[in-house]
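Student: Before I ask anything, here is the structure I am working with.
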């Protein structure tokens, strides 16, 4: 009901980017805009720092009801395996997979 009222009155407020959180544990989800990725492997600090700079954040709320485009489970593994010099290209491929599935 609140959702309908917010839509009718055009009083929606765009959410701010979530603050940078700690390293996400295996099984958690991280998000970037409307794209969500499951953490399937332990994330090293160096990769997490890079992901944060690329716009990825921990999910800011416990019960997130917004809809997201999920990346394949192998997406994080692809970023883990990528050479740091080639990580931007691997990231672009991973994000392209989400857009191709949409």
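Where a number appears in this text, it was derived from the coordinates with a stated rule and is not lab data. Since the model is a prediction, treat every value here as computed from it, not as a measurement. FYI the Cβ positions are ideal-geometry reconstructions off the backbone, even for glycines, and counts take in every protein chain you see.
Student: I'm trying to understand the selection: among the residues of region 25-41, which are part of a loop (DSSP other than H, G, I, E, B), touching a helix residue (DSSP H, G or I) at 6+ places or on another chain (Cβ under 9 Å) and surrounded by 12 or more Cβ atoms within 10 Å (Cβ to Cβ)? Write out each step before concluding.
Tutor: In the first step, residues of region 25-41 are kept if they are part of a loop (DSSP other than H, G, I, E, B); the result is 25-28, 33-34, 39-41.
Within this subset, residues satisfying the condition of being touching a helix residue (DSSP H, G or I) at 6+ places or on another chain (Cβ under 9 Å) are 34, 39-41.
Matches in region 25-41: 39, 40, 41.
Student: Quick one: in region 55-98, of everything that is in contact with a strand residue (DSSP E or B) (Cβ under 7 Å, 6 or more places away or on another chain) and either free of Cβ contacts under 8 Å to residues at least 24 places away in the same chain or in a loop (DSSP other than H, G, I, E, B) (or both), which residue is nearest to residue 2 (Cα to Cα)?
Tutor: Step by step, filter region 55-98, then rank; the result is 68.
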